[in-house]
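Presented below is the structure to which this report refers.
Values in this text are rule-based calculations from the coordinates and carry no lab data. A quick note: this is a predicted structure, and the numbers were derived from the prediction, not measured.
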Amino acid sequence: MKCEKCGYESKSNKKKFGITLCEICYYFSPEEEKAVQPYVDEKIPGKVLETFRKNHVPSGEKQKRGMIKKAVKGSLMSRAPFGYKIQEGKLIIAENYKEVEEIFDEFLNNKISLRQLAEKHNFSVNGLKKILKNFTYIGKIKFNNQVYQGTHQPIISATLFNKVQDKFENLGIK
């Protein structure tokens, strides 16, 4: 597809209000539909934009790279999971950490449904599943489908975590 503003041809070109634009022209294009056509009518030679193309980092990519660097160093990407708190920028074990151990133990060792366990601990079923699948509890950080060693203290053993994951798999729970 060819950019209607600069003529650059690429498979990654995008449509905006039915008009094909390259990533650079798309990035600078107006948000209002009626302003896009006049913007496109002001043609620009594609060669002029080559410097930008060489150095252009797609939207969000710069942020993602920074987050990956942070994950590699073992830092958390989001808010503290249940059982932890953030203190002075570091993830530390909170007062309620024992409940995390209980949840893992109960799920593994008792014939209890996720719904019953969630109700017992005042979580939604999805909230409970997030806890039971969260690598943070074994001292790891998962980001972008990669698992990194965290800098925080684990709450449960990797053995317990892996047994719970096996139970999920055996029960066909995703």
Going Cα to Cα from Lys11, which aspartates and glutamates come in below 15 Å? Please leave out same-chain ones fewer than 8 positions away. Glu23
Could you identify which residue out of Val40, Val125, Val147 has the top mean-square fluctuation in a GNM of the chain using Cα springs shorter than 10 Å? Val40
Too long at a 19 Å Cα-Cα cut-off: which of Lys14/Lys43; Lys2/Lys47; Lys90/Lys130; Lys5/Lys34; Lys98/Lys120; Lys64/Lys129? Lys90/Lys130; Lys64/Lys129
Rounded to whole Hz and in sequence order, give me ³J(HN,Hα) for segment 96-102 from the Karplus expression 6.51 cos²θ - 1.76 cosθ + 1.60, θ = phi - 60°, writing x for Gly and Pro. 8, 4, 4, 5, 5, 4, 4
Can you list residues whose amide H is under 5 Å from Ile19's amide H, if they're 5+ apart or on another chain and H is modeled 1.01 Å from N? none
Can you give the calculated 222 nm mean residue ellipticity of the chain, where each DSSP H run of n ≥ 4 adds -39,500 (n - 2.57) and the sum is split over every residue, rounded to the nearest 500 deg cm²/dmol? -12500 deg cm²/dmol
Would you mind checking which residues have amide H under 5 Å from Lys140's amide H? H placed 1.01 Å from N; only 5 or more apart, or other chain. Gly150
Label selected from (1) 20.1, 61; (2) 24.2, 69; (3) 18.7, 61, the criterion being Rg and Dmax of the Cα atoms in Å as computed here: (2)
Whole-number Å³ per residue for the convex hull built on Cα positions in segment 1-93: 159
C-alpha center-to-center spacing [segment 99-148, segment 1-78] in angstrom: 40
log10 I(q)/I(0), Debye, Cα-only segment 14-56, no solvent, q = 0.14, 0.19, 0.22, 0.24 Å⁻¹? -0.31, -0.57, -0.74, -0.85
Against the longest alpha carbon principal axis of the chain, how many degrees, from 0 to 90 and to the nearest 10, is the axis of helix 158-171 turned? 80
